[in-house]
Amino acid sequence: MLRVKVRETAPGSARHGGHDVLVELAEERTTTRELIRRAVEEQVRLLGDDAARRRDMRDRRYLLAAEIRAQAATGAIRLPAAPPAPPDVADAVARAHQAFERNAFVVFAGGRQLDRLDEEIVLRPGETVVFLRLTALAGG
Amino acid sequence: MVDVPGMYADAVRDERDALWRLVDQARVLAKAGDLAGLRDLAGEVRRRLATGDSLDRTGGHLGANMADISAALDDVYDGAFPVRDPDDPAEVLDAPWPTVRRAAMLASAVDRVGWPTPPLEPLAERAIAANDVRLLRLLVLTPLGRAGRETVVRIMDALHAAGALDVEVIEKAFADDAYLGRAIGGEPRAGGAGASTPAGCAPVVRDHFDALAWRLTSPPEPDWDELPEVLVPRGLRFALRALDRPHDRRMAERFGPAELTDDERSALVEHLRDRTAEERRYAFELRLPAGDAEVLLPVLGLPGAVPLLRLVLATAATEAVRQDRAAILAAVRQAGDDGARRLLELCPSEVVAAALGWNRAAVEKRVKRNALSGIAAFGLLPLAGGETVLDRYLALREVAKRGPRLGPNRRHSHAAAVAVALDHLAQVAGLPDADRLEWDCEARIATEAPGDWRIADYTVGVRLSDADPVLTVSRAGRTLKSVPATVRADPRYADVREHQERLREQARRMRTGMIERLVATGGTLTPDELLRLRRLPAGRAMLPALIWQDRAGTIGLLDQIALDGPVTAAHPFLLYERRLLAHWQAELVRRRIRQPVKQAFRELYLLTPAERDAVDVSRRFAGHPVDGRVAGQLLSGRGWSTHGGYDEHQATRPVTAELTAALACELHGYFGGGDVVVGELRFLAAGSVVPLAEVPPVAFSEVMRDLDLVVSVAGTEPHGYASPPHAASRAQLLAALIDDLGLARVTVDGASAVVRGSRATYRVHLNSGSIHVEPGGYLCVVPASFGDTAHRSLFLPFADEDRMTSVILSKVLLLNEDEKITDPAILAQLDVPA
């Protein structure tokens, strides 16, 4: 059992309080495919938690003092909008794998860019994983 | 010949033949050494060209088809007038014909090599400073180069001061620029605006103009083509000449308002005494633009109409402007009814006629067309038979409802026009102001209808449920669920429905117009206002559902606070500050209170740490692309005015008497013309930027609420990118990220990432994303397609927080492996053969 820190830098992001995401892996030796799969699963789980919290506030129809304090730090206090329907995990994982293969994003682990889905990698505790979206560029 | 449409081909050929004949003449003169003849011929060539290249002759196709003729002329004139010293500007300028060689000498003298018509300003400055009369004259007389209107007038001023301003210079200056009079000044501008300071040369120039104007327009037929524009002649003779040709509009426009002395004015009055009524009226019309038409009123038999004429002229506005009805009526009284009628025939005025009720049908038509001054005039119409103040009030409210459909900025002027009309109606009704009118009318709506209607054996009434008027029908004390057919069929049922509709409109007006504003600004009501509001059914229903603060600072519902002093609607910021927000939210839910507008549940926006650090600018919503049309509508509905792409700010909204919120956006052309990227928000007071911490928190919160609404409703990017508060500056964030990636070729240096690529070393700026190729190059790389949505539905914890971060990171990664770049547009910039 290994917990890997995934860098997630948007503090106060609507997705979840802006902390780095921890992804659990069964062992240090893994593949890019597995790393992406676990990251997606964790992300969907966090979204689910967030959705549950939002649903909770909406069902109650008002905010608690602690929620107001937490929201004040982000600069806006409001009842959250209705959360979107939770995605299907298997589908989300498959789409992430496809997106990786057409270079929609890149993954860095242990200071190295991962090239292939089936590439074997060894992650050590304390090493950070970074997912980055790529934007297609052209000379202007 | 190139590109000449068939219809002009013959004309162009004829003109070219004529010009070639002139070239032949020039050659003969040159051979004979007749320099004076050549100078004259140059003028003839110029005139021939001007008429030959005109639209009705060759459609402007001659100019592009005379390179050979120009070259031939250049040869002749360069040969006959050689320049001995190209460094002497006077000699270069002193030429009858602007040959290409001379133009090049001039261009290099003023440091504008390559310009075919170089600016003369540098030489003009030199000549004015040195008081060089010869050079000054040449600067105006030369066919070479080009000088701005103000410069020409300054040259003429300098010549005038030196006593050397002659007719030749004046004529050439006007021949080059018929509108030179604009910079000569000294007479009132069109539209009656104040006179500008006349130029020093003005007296001499105007003497010349007066003489010219008199000569050119002498019988038999006036020749207007040679007369410079703008300038107004001086002297009664001009006004009389215009009077003698009553059907000559040109004459009327140019000479009718001629400048008169007081004596001349009296002479004009004397002159008109033994003329026909027709001529007197025409003289009046001619003098209206001059501003002294009132002296003619006695001779027109309207001695008492002077105040009315002044009033008519002062109220001639296209915008809706508040008028004083009492002043209009007083002026009309002084003119007499018949006098007023005749004056308005001479000089029509929509508002004055409206105040007298003389143009009701026309005004109503103008209101239908949403003409602003028409709407304002509508309020001034006297009440027609049977019409009540309330009828007119409701009609104006209907007009007001059309505003939002009229376009983002027009709706504001429409609303302003309705406000003016309400003020006018208050004057008609004899009430002190529009507020009072509003209260009275709204109260009357509520009380006017009888309590209940008896239809057959049913009782029909309108009851309020949460300020929403609902129709109730009961029989024998039992309330029915639906309206029975007998009731529907009764003619009185329409009255019930109308009453219900009026109450509904009243509730809507109160909610959107007054309560919303009260809560959004944390506004205050005096005990008097509160009392009047509570007399209205809608007020009775809405006010108790709001949270208030009384004079002693107690916060509560209306029945929990003291009402003997002013009460303030509690903005959620007040509740938050007092740590009462959670309490009141829970309390409202517990008590099942439905608020008429969002108050306790109103979205509240506070300063973020990033905004505190940035001091006077908020980038909270910066970088969000929004649909311009939708965003424009949302903003204007919230009191914002939108502006163009080249204005300093693209949207502004006054938030308090002193403070304006100003939003910068990236857009093309005008707001609503396409996609808009929301940018930085600032607050301005008296033109300078105010630190965010000094902006009243309520105002700040409401402005941010507007913008949040805009980006969430009009946003064009998927929710994955939505509302990332920029907590850290992008550069810091990127620097930390790039360190994390462990890219061997990349180091972070301040706000730049330095990439040591295989083709070059690049410096990527982490705020703007611009790429410099060291030592001194620039590499332009842009997103391949805008609004790419490839990442829309990926559920991964991405480290890049917005599109710009992603773009900059993608650039760094691209350059990090620059040996793999295949895009020819990038390689070409790196001087690599593709």
Residue count, the stretch A:81-130 (criterion: free of Cβ contacts under 8 Å to residues at least 12 places away in the same chain, among the aliphatic types (A, V, I, L, M) and within 8 Å of chain B (Cβ to nearest Cβ)): 1
Qualifying residues in the stretch B:601-623 (those that are among the aliphatic types (A, V, I, L, M) and more than 10 Å from chain A (Cβ to nearest Cβ)) - the one most open to solvent (accessible area, probe 1.4 Å): B:Val615
Scan of the stretch A:31-80 for residues that are at pLDDT 90 or above, more than 10 Å from chain B (Cβ to nearest Cβ) and not in a helix (DSSP H, G or I), ordered by number: A:Thr31
Residue tally, condition touching a residue at least 40 places away in the same chain (Cβ under 8 Å), closer than 20 Å to B:Met804 by Cβ and not in a strand (DSSP E or B), over the stretch B:745-783: 3
Of all residues in the stretch B:253-277 being under 14 Å from B:Ala242 (Cα atoms) and over 37 Å from the mean Cα position of the chain (by Cα), the one that is most open to solvent (accessible area, probe 1.4 Å): B:His271
Selection count, the stretch B:765-809, where residues are more than 7 Å from chain A (Cβ to nearest Cβ), open to solvent by less than 30 Å² (accessible area, probe 1.4 Å) and either under 11 Å from A:Leu134 (Cα atoms) or at pLDDT below 70 (or both): 3
Index of the failed condition, B:Ala26 passing every other in (1) closer than 22 Å to B:Leu141 by Cβ; (2) small (Gly, Ala, Ser); (3) surrounded by fewer than 19 Cβ atoms within 10 Å (Cβ to Cβ); (4) at pLDDT 90 or above: (3)
Test: residue in the stretch B:688-702 that is within 14 Å of another protein chain (Cβ to nearest Cβ), of a type in the set (Gly, Ala, Ser) and within 18 Å of B:Arg517 (Cα to Cα): yes
Within the stretch B:624-635, tally of residues that are outside any helix (DSSP H, G or I) and either open to solvent by 20 Å² or more (accessible area, probe 1.4 Å) or of a type outside the set (Val, Ile, Thr) (or both): 3
Looking only at the stretch B:511-545, and only at residues there that are free of Cβ contacts under 8 Å to residues at least 40 places away in the same chain and in contact with a helix residue (DSSP H, G or I) (Cβ under 7 Å, 6 or more places away or on another chain), the one that is nearest to B:Arg705 (Cα to Cα): B:Leu543
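Output the number of residues of the stretch B:516-546 satisfying the condition of being of a type in the set (Asp, Glu) and loosely packed, with under 14 Cβ neighbours inside 10 Å.
At the first step, the residues of the stretch B:516-546 found to be of a type in the set (Asp, Glu) are B:516, B:528-529.
Going one step further and asking which of them are loosely packed, with under 14 Cβ neighbours inside 10 Å, we end up with B:528.
Count: 1.
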Residues (within 10 Å of chain A (Cβ to nearest Cβ), crowded, with 16+ Cβ neighbours inside 10 Å and not in a loop (DSSP other than H, G, I, E, B)) located in the stretch B:816-829: B:Asn816, B:Ile826, B:Leu827, B:Gln829
Residue within the stretch A:77-85 that is out of contact with any helix residue (DSSP H, G or I) (no Cβ under 6 Å at 6 or more places or on another chain) and farther than 30 Å from B:Ser618 by Cα present: yes
Subset of the stretch B:645-664 (residues that are open to solvent by less than 20 Å² (accessible area, probe 1.4 Å) and over 14 Å from B:Asp708 (Cα atoms)): B:Gln650, B:Ala651, B:Leu659, B:Ala661, B:Ala662
Breaking point among (1) crowded, with 20+ Cβ neighbours inside 10 Å; (2) within 10 Å of chain A (Cβ to nearest Cβ); (3) in contact with a strand residue (DSSP E or B) (Cβ under 9 Å, 6 or more places away or on another chain); (4) at pLDDT 90 or above, for B:Gln585: (3)
The lone exception for B:Ala570 - which of (1) modelled with pLDDT under 95; (2) at negative phi; (3) not acidic (Asp, Glu) it fails: (1)
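Give, as residue ranges, the helices (runs of 4 or more DSSP H) completely inside the stretch B:301-362 that count at least 3 residues that are out of contact with any Leu (no Cβ under 8 Å at 6 or more places or on another chain) and modelled with pLDDT under 95.
Values: elements: B:306-314, B:325-335, B:337-346, B:350-356.
Of the helices (runs of 4 or more DSSP H) lying wholly inside the stretch B:301-362, those with at least 3 residues that are out of contact with any Leu (no Cβ under 8 Å at 6 or more places or on another chain) and modelled with pLDDT under 95 span B:306-314, B:325-335, B:337-346.
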Pick from the stretch B:547-582, criterion part of a loop (DSSP other than H, G, I, E, B) and within 14 Å of chain A (Cβ to nearest Cβ), ranking: surrounded by the most Cβ atoms within 10 Å (Cβ to Cβ): B:His571
Residues of the stretch B:133-153 satisfying the condition of being open to solvent by 50 Å² or more (accessible area, probe 1.4 Å) and in contact (Cβ under 8 Å) with a residue 40 or more places away in the chain: B:Arg134
Test for B:Arg250: is it among the basic types (Lys, Arg), open to solvent by 20 Å² or more (accessible area, probe 1.4 Å) and out of contact with any helix residue (DSSP H, G or I) (no Cβ under 9 Å at 6 or more places or on another chain): yes
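The values are calculated or read from the model by the stated rules, or taken from the named source; none is laboratory data. The model shown is predicted, which means the values in this text are computed figures rather than measured ones. No Cβ is skipped: glycine too gets one built from the backbone with ideal geometry, and neighbour counts run over all protein chains shown. Remember, those area values only see protein heavy atoms, side chains included, never the ligands or the DNA or RNA. Shrake-Rupley method; radii C 1.70, N 1.55, O 1.52, S 1.80 Å.
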